[in-house]
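Please read the structure below before turning to the comments.
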Amino acid sequence: MIRTWARGGARAGAARARRAFVFVLPGLWVLGVVTWELCQPTSGRLLQLLAAAPAIACAGTGRRQCVLLGGVCAVAALVPFGTAEPGPGLGTRAMTCGAILAVVGASYLTARRRLRLLRELERTREVAAAAQRVLLRPPPPRLEGLVLAAGHLSASEGAVVGGDLYEVVGTRHGVRAVIGDVRGHGLAAIGTVAAVLGSFREVAHDEPELAGVLRRLERAHQRHLGERGRREQPVGEAEAAGPPAEEFVTLLLVEIAPDGSVTALNCGHPWPYRIGCGAVAQVAPGDPMPPLGLFPLPEAPAVVGCGRLAPGEGLLLHTDGAVDARDASGGFFPLTAEVCRSVDAAAPGDPTPSGVVGDVREALLRHAGGRLTDDVALLMLSSERVRVPAPATGGGRAESPTGRGSSHPV
């Protein structure tokens, strides 16, 4: 944490230093030109360079005050100084003054328009960020005895979301989570992400079985592709025969029951990691089904058991962008090694979800040099439930404060 604060403070200090340098740059330009004219008089010819001061201020800060200040400094520098100059020097000064005033006017108008565009851009970014947070909202810190943390990196510069998706909801059937990867990445895949997430948030509460949730997601995906195909179809052409080919989604559905038992349905997605007691192991209970959209689902998708999530244990779900990221030499990101390193660096028996997700995210950005070719999503669910001792036989029945004698969240 201290290292993170130190890095953040260093970056903020460097940014302030750059802003200060850009702000004083027009004054430095005027000072340099005037000093050169004093040391090597040119009868005012060199002073024509003063016209660049307002333009430098406009290109550097874009602030109208800085543009006007640069223009005032440049005009003030035209006051005769030193020994008297011959007649042509006065004409040169007058032409230079006119050029400076013209540049000041043009730079002022440009700076005014630039500030207006910057304000519009900021408002647009705020609206886009709010919309993206609604689409791919962060999970709550705690949910029904589970500690949650998530992280996402988009391959599109300036975007918060891309082609990866995740969501966690608490239902009467248990905590249900989904993580997926839409074919493609970046902004082009947001429509499919919205369709799948919107459907999951609804059906996760309605369907009693995990297989029913998956089947409803398949129908929502097919419906979205059909509607998109009709929108993109040129007017006057015959209706398309079906949804666009090779438009698929890899999905991993996970359900954690109140007793900690974990079941899953996997459609072409990487299996998660189980983290607990200082050990890291990838869960691999069987071969996954094909990705959603490539082939129809089987009549009865087989839900696979992934064991029981003991108190203190967690599951780390991820998309394939986390293992496909490459460095400058073409080497893949060592996800397993980085997860183990994060768990080993944590306090004994206490690898927090936010710590593991944060460590893996930072390591991935370092490995890829900040340039990702695919979206990355990370989601970790850790159990903080503790077992309540069974009541002694023959005596009065001991109950928890909630009236249940099984388990409760810490």
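For Ile275, the shell of other residues with beta-carbons less than 13 Å away shows a net charge of -3, using +1 for Lys and Arg and -1 for Asp and Glu. Each peptide in 49-58, 98-107 was scored by the mean count of other Cβ atoms within 10 Å over its residues; highest first, the order is 49-58, 98-107.
Calculated FRET efficiency, Arg201 and Trp36, Cβ-Cβ r, R0 51 Å, to nearest 0.05? Between Arg201 and Trp36 the formula returns 0.15. Taken one residue at a time, the phi angles of the range 319-333 give Karplus couplings (6.51, -1.76, 1.60, θ = phi - 60°) of 9, 6, x, 6, 9, 8, 5, 10, 8, 5, 8, x, x, 6, 6 Hz. Gly and Pro are set to x. Taken along the Cα-to-beta-carbon direction at a fixed 7 Å, the label points for Glu144 and Ala345 span 3.3 nm.
Every number here is computed from the coordinates shown, using simple stated rules; none is lab data. This structure is a prediction, so every number in the text was calculated from the model and none was measured. Positions of Cβ are generated from backbone atoms using ideal geometry, with glycine treated the same way; all protein chains shown enter the neighbour counts.
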